[in-house]
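Notes follow the structure.
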Amino acid sequence: MSEAADKKFGRFDAIPSIYLTMIARDKGASKGLGTHMMLDAFKRSLEVREHVGVYALTLHAYNDDVRSIYEKLGFQVFADPGQDQQDSKDETKRYKAMFISLSDVAVTFAEVENES
């Protein structure tokens, strides 16, 4: 977690967040569908934030290529050594837990909207 978030939420066992379970696209498509789906997830997350107390959008990247894509969108890997379990037999522990604060989502969403 970022240092700012750790200072803000360090005293809590959980951080209020929206968990994004899966976004997928056909690898051969490359027509911007994945980006469109992420922008829609950003927009909906910001709408939810208007009604409930939520700090971040979270997800798991299932490999380094996907992690790289999410990092370009502003996601960060949680700073938790327990998350880096690439050799784990438990498949779910091999995924990288990532987050982006909804404040950063608002900035990213506004930048992308201005480019359109």
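The values are calculated or read from the model by the stated rules, or taken from the named source; none is laboratory data. Here the structure is a predicted model, which means the values were calculated and not measured. Heads up, the Cβs are rebuilt from the backbone with ideal geometry, glycines too, and the neighbour counts pull from every protein chain shown.
A few remarks follow.
- Residue count, the stretch 1-52 (criterion: out of contact with any helix residue (DSSP H, G or I) (no Cβ under 7 Å at 6 or more places or on another chain) and modelled with pLDDT of 75 or more): 18
- Qualifying positions in the stretch 28-68 - surrounded by 11 or more Cβ atoms within 10 Å (Cβ to Cβ), small (Gly, Ala, Ser) and under 16 Å from VAL112 (Cα atoms): GLY34, ALA41, SER45
- Filter result (without any contact (Cβ under 8 Å) to a residue 24 or more places away in the chain and in contact with a Leu (Cβ under 9 Å, 6 or more places away or on another chain)) within the stretch 36-69: ALA41
- Each residue in the stretch 69-83 was checked for being surrounded by 13 or more Cβ atoms within 10 Å (Cβ to Cβ) and part of a helix (DSSP H, G or I), and 4 of them qualify.
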